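Accompanying notes for the structure given below.
The values are calculated or read from the model by the stated rules, or taken from the named source; none is laboratory data. Note that this is a predicted model, so its numbers are computed, not measured. Here the Cβ is made from the backbone with ideal geometry for all residues, glycine too, and neighbour counts use every protein chain on show.
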Amino acid sequence: MNRRRFLAAGAGCSACLVAELAAAQDWQAPARFARPELASDEGGLWALMDREETRLRRSPFALRDPQLHTHVQDMACRLAGEHCPDVRVHLVRTPYFNASMAPNGMLQVWTGLLLRVDNEAQLAAVLGHEIGHYLARHSVERLRDAKSRSAFGQFLGLFGIAGAVGQLGLIASMFAYGREHESEADRIGAILMRKAGYDAGEAAKIWENLLLEIKARPEGLSNSPLFARHPAPDDRMEALASLAAGMPGGVANDAAWRERTKPFLRDWLNDEIKRGQHEESLALLTRMMLRSPSMPEYAYARGEVYRLRAGDGDLDSAIADFKAAAAIGGEPAETHRGLGMIYRLRKQPAEARSGLQRYLELAPQAPDFAMMKTYLEELPQ
Amino acid sequence: MTRKLLGALFLVSLAGCAAVAKVETGDQAIGERMALRLEGAWNHVNAPGMGPAQVWTMEGLPVDQLLLYSGIKDGALIHPGGPAGGARKSFAFRSSMQPDEIVAMFEGMLTRDGSSFRLVKLEPTAFGGRGFRFEYSLVRKVDNVQHAGIGYATVSKGELFALLYFAPRIEFFPRHRGRVESIARTIQIKN
Amino acid sequence: MATKITAVLIAWLALAFAAPAWAQSKNLAPGFTTLPKGAKVAIMPTDIELFSISAGGVLEPKADWTETASQHFRAALLRKKTSLGLSAVELAEKDADDVAELNALHGAIARAIAIHHFGPLGLPTKDGKLDWSLGESVRAIKKVTGADYALFSWMRDSYASGERAAMMIGLALFGIGVGGGAQVGYASLVDLHNGRVLWFNRLARASGDLREAEKADETLDALLSEFPATK
């Protein structure tokens, strides 16, 4: 305590942070948790989560690919250290950024999150953050608090129970708890990810990326109720950046992550497009196009969002993106369908014919093959 | 069938406003301009606030639903309106919509509650003149029941006419799909 | 959300319960009256949830009550099967995973029966008969259990917590009625050869208590009151 004050007095606030980091890195994980008494409120929550986990396991929305699942489970295991045997990962096909860990060890990760993280380190940051809540037993504290505020239903919604998809919003997992809990989970998460060999500097980047999407919303940042009640993202980004500065090194594994998620990318991008939240999708896809200029999937997806939004100038933007995707090569067949449909709308039959023909060539098994063929045949000569 | 709708249905049935009517074999008129012919009766569940489609069923609303749209005008919502300030997106028909856009509109409506939709087939067909049909699968979020579905639609004089049917893919869709396809073949739209 | 669905379902089923007394056959599929003695019944995992109602009217799941109730329910079911001369086999968790889609489907059918057969929205094409079938797909359950029939059950029960009970009494003094809790549930018997729902019963009332063994027996008896006899 004295040493810290001395440092603080002598060297200004950056030294406070250093001292805090030193203190933070002294953090020790607790021993593994025993199953609580059934009659206790924690026990009640545990049993409820067990039932929910069974339902999740049996749900058609569970993503069951063994390789991806094993990989994320392994990551969670390494992050959780001694608690590895208690952590069970469930991947859920839902196009929102969310991960949540229940007090019984169930760790849900939604595909919207898997789509958005740039690399393994960022995924590790989120997993570590959730494991942090679990290790610090925040959920039980929150349960007691919620009960007294009769907000139990909302609390359950945090774990994906009894709530419609999207009710949680884009970033609920990062705001689920109060200021102190979130900061603590951030700290623990950073320590865990660094210990597991990941670059802690990636944690703050998740925030930057999410903010881009939220700011793109028509109503913007100011009206988000989440920001009114919780620590501002700037504070958290700064805190995370400081934490990372104290723990340099570690890997991000961009390329490995890209490879691993490639088989799912088109499905996840289609899910994102279908959300119909055009502004957010455009912000997300623009970021991804900048980050991965050699991947035609992102250019196609952004083109498709422009085409569907069809606001002023959007169709031209769509054409530009579709052409960019085609120029890269390996583009989804729908790229040409998109071009064909726009030119058809604009009564440019030659270009429309070219686009639709190419689509039919590339995707003979497409569900809408017959419809597109009819459009093609009906084009004036 | 969303829980909210079920709840609302309950309330109106309590008030005596909801009823199930038998739709008999033979010629039936749906709205002012659409007619069809039935072989075998259906059940028409009638309650205020369920529109704009007519809702028919064979096994009960939680199991299967046949939605009949007749003369939906440009700009009209294709589902019951939500409460004011509801977070869920609304879906409205526009006369300029192409078949793929109409399918996207129905897809949006069917997935408002978090359910997931996958288009299996989309092709032109003779439905009330020139129309199209589509097949799809739907996983209902609220209870994880996996459905198969079929739809038919056409736009005539700027108005939408459509049939949508979905039922659990196990047993029920195979059981009733033939009858839905037969109904679709008999659809006539008057000018 | 749990509050809403329970409230709606209680109301639905309460209406059904309040309807004029039906003939016994309302619970039975046409042409079905008895089970053969020694028939094997697969007990599907019961979907039970017990809630406490806080003073604010919020439904809170109570795991220990639910656990106890599940045990009472199971015990009562097994007693019943003995008294009826049936043999029962319980579905293992892993097997339940494999037939999850059938289970989900049954849930939807049970809701349809509760609303349209017992409720006020009868389907004219069913002609007042208990006429629902899951089809031969149920043979997957038959394969895994070797049973001839499957018993599904679902129960939601809520009890006023201490605070709420006090509030109820207080308000009652002012002549204001506040719901103390309700018990809703259903049980159904399905033929595993052809998928027909042979028997269905529903419960909706403001009394009953699954937390204690004796009272749980009473609930079970009410739920299984019209269970087909064996011959």
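Selection of segment B:44-60 for residues being at the interface with chain C (Cβ under 7 Å from one of its Cβ atoms) and either more than 23 Å from B:Phe127 (Cβ to Cβ) or surrounded by fewer than 19 Cβ atoms within 10 Å (Cβ to Cβ) (or both) yields B:Val45, B:Glu59, B:Gly60. Here A:Ala204 meets each of (1) closer than 19 Å to A:Leu135 by Cβ; (2) at pLDDT 90 or above; (3) surrounded by fewer than 24 Cβ atoms within 10 Å (Cβ to Cβ) with one exception, condition (1). A single member of A:Ala320, A:Ala310, A:Ala352, A:Ala301 is in the same structural domain as A:Asp271 (by TED's automatic domain parsing) and modelled with pLDDT under 95, and it is A:Ala310. If you filter segment A:63-78 down to residues that are more than 18 Å from the chain's Cα centre (by Cα) and not charged (D, E, K, R), you find that the one that is farthest from A:Asp267 (Cα to Cα) is A:Cys77. Those residues that are of a type in the set (S, T, N, Q) and at pLDDT 90 or above, I need them from segment B:70-109; list them, please. Listed by number, the residues that qualify are B:Ser70, B:Ser95, B:Ser96, B:Gln98. Give me the residue from segment B:105-128 that is within 8 Å of another protein chain (Cβ to nearest Cβ) and in a helix (DSSP H, G or I) and, out of that set, surrounded by the fewest Cβ atoms within 10 Å (Cβ to Cβ). This residue is B:Gly108. In summary, C:Ser133 fulfils each of the numbered conditions (1) of a type outside the set (A, V, I, L, M); (2) in contact (Cβ under 8 Å) with a residue 24 or more places away in the chain; (3) away from every other protein chain (no Cβ under 13 Å) with the single exception of condition (3).
Among the residues of segment A:267-285, those that are under 16 Å from the mean Cα position of the chain (by Cα) and either within 14 Å of chain B (Cβ to nearest Cβ) or surrounded by fewer than 15 Cβ atoms within 10 Å (Cβ to Cβ) (or both) comprise A:Asp267, A:Trp268, A:Asn270, A:Asp271, A:Glu272, A:Ile273, A:Arg275, A:Gln277, A:Glu280, A:Ser281. Of all residues in segment A:34-71, those that are farther than 14 Å from A:Val92 by Cβ, surrounded by 17 or more Cβ atoms within 10 Å (Cβ to Cβ) and away from every other protein chain (no Cβ under 12 Å) total 1.
Residue-by-condition table, conditions (1) at positive phi; (2) modelled with pLDDT of 80 or more; (3) within 14 Å of chain B (Cβ to nearest Cβ):
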residue: A:Gln154; (1), (2), (3): no, no, no
residue: A:Gly160; (1), (2), (3): yes, no, yes
residue: A:Leu170; (1), (2), (3): no, no, yes
residue: A:Arg179; (1), (2), (3): no, no, no
residue: A:Leu192; (1), (2), (3): no, yes, no
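Listed here are the helices (runs of 4 or more DSSP H) enclosed by segment A:314-381 that have at least 1 residues being closer than 18 Å to B:Glu123 by Cβ: A:334-345, A:349-362, A:369-378.
Taken over segment C:85-130, the criterion of being on the phi > 0 side of the Ramachandran plot and either facing chain B (nearest Cβ under 9 Å) or not acidic (Asp, Glu) (or both) is satisfied by C:Gly85, C:Gly128. C:Lys129 meets each of the listed conditions (1) more than 20 Å from C:Ala29 (Cβ to Cβ); (2) charged (D, E, K, R); (3) at pLDDT 80 or above apart from (1). Applying a threshold of 7 Å to beta carbon distances and a minimum spacing of six or more residues, or different chains, the list of pairs starting in segment A:272-293 at a residue that is closer than 21 Å to A:Ala326 by Cβ and assigned by TED's automatic domain parsing to the domain that holds A:Leu308 and ending at one that is part of a helix (DSSP H, G or I) and among the acidic types (Asp, Glu) reads A:Ile273/A:Glu304; A:Ser281/A:Glu272. The residues of segment B:129-176 that are in contact (Cβ under 8 Å) with a residue 60 or more places away in the chain, touching a Gly at 6+ places or on another chain (Cβ under 9 Å), of a type in the set (Gly, Ala, Ser) and surrounded by fewer than 21 Cβ atoms within 10 Å (Cβ to Cβ) amount to a single one, B:Ser156.
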